[in-house]
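Take a look at the structure below.
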Amino acid sequence: MAIQINLDKILEERGMKSNELADIIGITTANLSILKTGKAKAIRFSTLEAICKALDCQPGDILSHNPESE
Amino acid sequence: MKPHPYLKLIISISFYLLLLKFILSIGLYLWILFGGRIKLRSINFLDQKLVEESFGATMIISTFELVLTGLFAYSLYVLKKLVEEFEKEKLYTPKQIAGLKLAGSMIISITILEWFIDFFTRAVAESRLSLGIYFDNPGNPWLLIATGLFFIYLSKVFKNSAELKRDKDLTI
């Protein structure tokens, strides 16, 4: 998929672990892993909003478009 | 969502009765094959009588009967397995999709084969080709074919639903 998730990078920058983020935004670590590995088909606005709030970032910091990986 | 309890019961009863008929048909078939003679009921409805057909005709009719009973039993087995799959309360599984498609195809195949056998039996037994295809109830075979097509359509609906469910499960 051309849409890439840069959650790992942001998490590293913020010094936060995946399970901590999962706890804060209220999703399972399994679902967060699906999101991080790019296996997710869609992301809810509410989830995106919670991630942005928890990581103090913009949606564009998490999602990027890379046409070459299509 | 569990299926109606009578559904599995009725399908199971029909399946085991057909299985019994199939086993008896095999026995009868072997008996005829090794020289046994049987009298078949005349298809002349105005003058119902038992007539003794030639060995060849009896064999052909018995083979048709055996094949048809076997296919009926198998299609009921498929339906039985399908209902058992629904009982697991997990919908849109690949087994259900394949089962619905197979059940539909079997219903259509059996109905068409039954047409052919009915026509051929008449031709073999009493050389009445001019009678053509006869149905006890003219609407019945079409209803069965429609049911078969409906099962195939349902299989496609399930396949589409499975994709939607997968998308929903992968929405975070």
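Here, each number is a calculation from the coordinates, and none is a lab measurement. Note that the coordinates shown come from a computational prediction; the quantities given were computed from them, not determined experimentally. We place every Cβ from the backbone using ideal geometry, glycine too, and count neighbours over all the protein chains shown.
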Treating the Cα atoms of the protein assembly as shown as identical point scatterers in vacuum, please give the log10 of the normalised Debye intensity I(q)/I(0) at q = 0.13, 0.14 Å⁻¹, two decimals.
-0.91, -0.99
Counting other beta carbons within 10 Å of each residue's own, what order do B:ARG37, A:ARG14 fall into, fewest first?
B:ARG37, A:ARG14
Quote the FRET efficiency, to the nearest 0.05, computed for A:LEU63 versus B:TYR77 with a Förster distance R0 of 51 Å and r equal to the Cβ-Cβ distance.
0.50
Work out from phi, with θ = phi - 60° and the Karplus expression 6.51 cos²θ - 1.76 cosθ + 1.60, the ³J(HN,Hα) of each residue of segment A:20-37, listed in order in whole Hz, and give x for Gly and Pro.
5, 4, 4, 4, 5, 8, x, 10, 6, 5, 5, 5, 5, 5, 4, 5, 5, 7
Under 15 Å from a point 7 Å along the Cα-to-Cβ line of A:LYS41: which residues of segment B:145-172 have their amide N that close?
B:157-172
From the phi angles alone, apply the Karplus equation (6.51, -1.76, 1.60; θ = phi - 60°) to segment B:20-25 and give each ³J(HN,Hα) in whole Hz, x where the residue is Gly or Pro.
5, 4, 5, 5, 5, 5
Reach of B:LYS21 by Cα under 21 Å, taken over lysines that are not fewer than 8 positions away in the same chain
B:LYS8, B:LYS39, B:LYS80, B:LYS81
For A:LYS9, give me every one of the lysines with a C-alpha distance below 29 angstrom, ignoring sequence neighbours fewer than eight places off in its own chain.
A:LYS17, A:LYS36, A:LYS39, A:LYS41, A:LYS53, B:LYS168
How many nm is it between the label spots at B:LEU143 and A:ILE24, if each spot is 7 Å from the Cα in line with the beta carbon?
6.5 nm
Treating only the Cβ atoms of Lys and Arg (+1) and Asp and Glu (-1) as charged, compute the dipole magnitude of the protein assembly as shown about its Cα centre; round to the nearest 20 debye.
600 debye
